[in-house]
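Every number in this text was worked out from the coordinates using simple rules, so none of it is lab data. All values reported here derive from a predicted model rather than from experimental measurement. As a convention, Cβ positions derive from the backbone with ideal geometry for all residues, glycine included, and neighbour counts pool all protein chains shown.
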Amino acid sequence: MANPKIKSSAQNAKKSNATAGRKPASKSLYSKADLEEIFRRFSIQRPEPKGELEHVNPFTLVVAVALSAQATDAGVNKATRALFAIADTPQKMLDLGEERIRDYIKTIGLYRNKAKNVVALSEKLITDFGGEVPRTREELMTLPGVGRKTANVVLSMAFGQATMAVDTHIFRIANRLLLAPGKTPDEVEQRLMKVVPDQYLYHAHHWLILHGRYCCKARKPECERCVIADLCRSPEKTWDIPAPLVELPAQIIGAEAAG
Ligand code: SF4
């Protein structure tokens, strides 16, 4: 999962607001009814949204998310398939060693540093957590290479907690749609946690990522294919008739749309 390009996304949001002739919004422009309707439609499109990073247990999820900074999920999956087949626990990862880990992940950006982090986080899991992945954000964030976003993904996908891991897609959508505008991922996270209706909070993070990845794309949003085109308040919107609301075909994990 790629990290937010904070500067450029914030600049884009600023530009969009300027285009619309209004100051950067400090909170969501959407009514409670609009917010309910937006997430109701996402829930019909994708009743069971899934993260697209392949993993076989909480440990491999931590590693996959840590590797995904500034890389695509598809690119990480290609590299980790073989790695996780032989090293799916912290001890096996240590036994493999930094050099061989590096060989497995050398197609991923920043792989040298990431290989170091995989070794260091495996060591820390063994010495401080008995080889188990901890279940709190604070503990997760003590692991090398694990920031708030990674911790949120792990809490959600491995332990079923409702969190909002702000990646590049969520950061862009929150600002572009003026849904939860913010200059930093933390600001966007806090605002989204407030505006997303409670009953939709658990899946909201995946719905927003998938909407950003496959429809509200970075370079050019595909508004004619968008199920919330009538509700969207983005100055960048090019169409305001919502696309038919139907359940989408099952996700193919590992596929990645251009965008
Ligand atoms: S209408 Fe366009 S800008 Fe708005 S959410 Fe849909 S794709 Fe994005």
Residues being within 14 Å of the chain's Cα centre (by Cα) and in a helix (DSSP H, G or I) - total across segment 125-155: 8
Criterion: surrounded by fewer than 15 Cβ atoms within 10 Å (Cβ to Cβ) and away from the ligand (no atom under 11 Å from the Cβ) - qualifying residue of T184, T238, T168: T184
Among the residues listed as V119, V153, V146, the single one being within 16 Å of L67 (Cα to Cα) and without any contact (Cβ under 8 Å) to a residue 40 or more places away in the chain: V119
Subset of segment 243-255 [surrounded by 16 or more Cβ atoms within 10 Å (Cβ to Cβ) and either within 16 Å of the ligand (Cβ to nearest atom) or not in a loop (DSSP other than H, G, I, E, B) (or both)]: A243
Residue list for segment 213-235, filter: among the small types (G, A, S) and within 8 Å of the ligand (Cβ to nearest atom): A229, S234
Some residue of segment 187-202 being hydrophobic (A, V, I, L, M, F, W, C) and in contact (Cβ under 8 Å) with a residue 60 or more places away in the chain: yes
V154, sole failed condition from (1) crowded, with 22+ Cβ neighbours inside 10 Å; (2) over 27 Å from T136 (Cβ atoms): (2)
Residues satisfying the stated conditions in segment 156-212, i.e. of a type in the set (D, E) and in a helix (DSSP H, G or I): D186, E187, E189, D198
Members of segment 213-241 found to be in contact (Cβ under 8 Å) with a residue 40 or more places away in the chain, assigned to a loop (DSSP other than H, G, I, E, B) and more than 12 Å from F42 (Cα to Cα), listed by number: C216, K217, A218, R219, P221, L231, C232, R233, S234, P235, E236
Looking only at segment 193-208, and only at residues there that are among the hydrophobic types (A, V, I, L, M, F, W, C) and surrounded by fewer than 23 Cβ atoms within 10 Å (Cβ to Cβ), the one that is farthest from the chain's Cα centre (by Cα): V195
Which listed residue, of A82, A69, A120, is assigned to a helix (DSSP H, G or I) and surrounded by 14 or more Cβ atoms within 10 Å (Cβ to Cβ): A120
